[in-house]
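Student: Just dropping this structure here.
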Amino acid sequence: MIEHTMNKPNILWVDDEIEMLKSHVIFLEEKGYDVETVTNGEDAIHLVNQKNFSLIFLDEMMAGMGGLETLAKIKEIKPNIPIVMVTKSEEESLMNDAIGKKISDYLIKPVVPSQMLMACKRILDGQKISGEYVQTDYLKDFSQISRLLVGDLDFDDWEEIYLKLINWDLELDAHPEINLRETLDSQRKEANQEFSKYVENNYKTWIQNVGDKNTPKLTPEIVNDYVLPLLEDSKGPVFFFVIDCLRADQWLVMEKHLLEMFDIKKDYYYSILPTATPYARNSLFAGLFPSDIEKYYPELWVSGNDDERSMNKNERELLQKLLERKNIHLRNDMKYMKIIDPEVGRNFEQHITSHKKTHLMAVVVNFLDMIAHGRSDSDILKEIAPDEAAYRSLTNSWFMHSSLLGMFKEISKMKNAKIVVTTDHGSIRSLRGAKVMGDKEASSNLRFKYGRNLKADDRQAIYVKDPMEFKLPRRGITTSYIFAKEDYYFIYPTDYHKYLSHYKDSFQHGGISMEEMILPIITMESKV
């Protein structure tokens, strides 16, 4: 029962036969609601102008001003007030009219008190009741996850743990009133600590046994296992979208906008190390580890700084080489597009229907990576997305208004169209600095580095003396690599506190964490 307080929900009930419903009114008042009644639309509008109501029950068929007209005028005065339409009519057109005017619920007369109470609870108390169940369920799951973390886990178990944590993230996003965020963040931190140990102990075995049932799906396998099979029996276009820096939780907030357009299947795979664009994306398109790209296609593995322009010029060529190695013959030339600014995206969206006969269209979308990096240097972005929940909300807002969603909508109209969506790596909110030593030529990345004489605390980083053990380019006889664990980011001793403060609480990638390594791979087929 709702507690009787000074802030009891205030309900307005508008019905020209309200005297016959006194027992319903008394029932709701006994349940803790204040109920005011009027018998016509004019009086209802007058009261709405004078008072604030938590909820309005509105009869559809009244003498004088009808329910739908009253509804429209109330919405003009206070558009956000929830209204439940009550009517004797079951005509679909009437229901459509009412729903079109943004009612919150619809009840058919004769109504019983329990129906009214259910509507009140759902609309006024639904968030609170749902939150209480969420809190109880999470505390149960918390114990289960904690037990799992001390067990002998394989890659499937880690995927399950990560998805559980993500799902609770989304639940708490929907219930900010629940004071469990700190508990969840602490459990995620513990999980990433154990996950880093797991990867450190198993990664070399994985990359030596690609395709083994005891090995997770890795970056070089994705095109071969998910894209090429669609090409073999496709009667329509196949689109391969790589959304740079897409995390699994971000995909889940994006996916809800696509459910009515596509049949969607989700899997997950593990990124190679480092979880950085020049390595992971080249590996994704080539179907090879970085050391093999350097070995077999030295002209396509461009040395230099690890940035987008210097090391990811040849994605189209690497994908074409993969198709040739696999003896895949397309109906027409493979197409490739990299979207690095909104204008390019909008232009491609407007012309994407021209690719309805293209056998394979590969598209790289860089916007999320730009947000992740841009947030480090933008006070506005930090204000908009101060934490993980806001970061997901920012992703959702971008996607709803993006050319990418427009592209998906156009593709959904194409007959027999299929889409594979994935990413090359995720990102983690980096909260702890780790001191690193190295020669001045060492790379500047915050979550991984390569160079000579690299040193860092082995509790915070993995040191790779021989790059070939991790199937990485040598770059020189004395070159080694280090990868940050958990949520650490590397800072040199020079001006340590300055850079520690500057990069703290930024989204980074290149290291070892569930957020960076456990990635979605989505297959979508249009419903037309």
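The values are calculated or read from the model by the stated rules, or taken from the named source; none is laboratory data. From a predicted model like this one, the values you see are computed outputs, not experimental measurements. Don't worry about glycine lacking a Cβ; one is built from the backbone with ideal geometry, like all the others, and counts go over all protein chains shown.
Student: Taking the conditions exactly as written (in the same structural domain as Met261 (by TED's automatic domain parsing) and more than 15 Å from His509 (Cβ to Cβ)), does Ala362 satisfy them or not?
Tutor: Against the criterion (in the same structural domain as Met261 (by TED's automatic domain parsing) and more than 15 Å from His509 (Cβ to Cβ)), Ala362 qualifies.
Student: A further question on this structure: Step by step: first the residues of the stretch 1-20, then only those that are closer than 20 Å to Gly67 by Cβ and either in contact with a helix residue (DSSP H, G or I) (Cβ under 9 Å, 6 or more places away or on another chain) or in a loop (DSSP other than H, G, I, E, B) (or both), then the one that is modelled with the lowest pLDDT. Which residue is that?
Tutor: In this case the residue turns out to be Glu17.
Student: Wholly within the stretch 185-299, which helices (runs of 4 or more DSSP H) include no fewer than the required count, namely at least 3 residues that are of a type in the set (A, V, I, L, M, F, W, C) and more than 23 Å from the chain's Cα centre (by Cα)?
Tutor: So the answer is 228-233.
Student: Okay, moving on. Return a yes/no flag: does the stretch 348-371 have any residue that is over 27 Å from Glu221 (Cβ atoms) and under 21 Å from the mean Cα position of the chain (by Cα).
Tutor: Taking every residue of the stretch 348-371 in turn, at least one turns out to be over 27 Å from Glu221 (Cβ atoms) and under 21 Å from the mean Cα position of the chain (by Cα).
Student: Going through the stretch 383-404 one residue at a time, which ones are more than 15 Å from His257 (Cα to Cα) and either in contact with a Ser or Thr (Cβ under 8 Å, 6 or more places away or on another chain) or in a helix (DSSP H, G or I) (or both)?
Tutor: Correct list: Glu383, Ile384, Ala385, Glu388, Ala389, Ala390, Tyr391.
Student: State which residue is nearest to Lys8 (Cα to Cα) when the search covers only the stretch 21-57 and only residues that are part of a strand (DSSP E or B) and more than 39 Å from the chain's Cα centre (by Cα).
Tutor: Applying the filter and picking the extreme gives Asp34.
Student: Listed residues Lys204, Lys217, Lys189; which is out of contact with any helix residue (DSSP H, G or I) (no Cβ under 8 Å at 6 or more places or on another chain) and under 30 Å from Arg459 (Cα atoms)?
Tutor: Lys189
Student: Moving on. Starting from the stretch 218-237, keep only residues that are under 13 Å from Ile328 (Cβ atoms) and assigned by TED's automatic domain parsing to the domain that holds Lys265, then list their pairs with residues that are among the charged types (D, E, K, R) and crowded, with 19+ Cβ neighbours inside 10 Å whose Cβ atoms are within a distance under 6 Å, requiring at least 6 positions of separation or different chains.
Tutor: As it stands, the answer is Leu230/Lys418, since those pairs meet every condition given.
Student: Residues in the stretch 326-345: is at least one exposed (fewer than 14 other Cβ atoms within 10 Å of the Cβ), under 22 Å from Tyr226 (Cβ atoms), among the acidic types (Asp, Glu) and in the same structural domain as Met400 (by TED's automatic domain parsing)?
Tutor: Checked the stretch 326-345: at least one residue is exposed (fewer than 14 other Cβ atoms within 10 Å of the Cβ), under 22 Å from Tyr226 (Cβ atoms), among the acidic types (Asp, Glu) and in the same structural domain as Met400 (by TED's automatic domain parsing).
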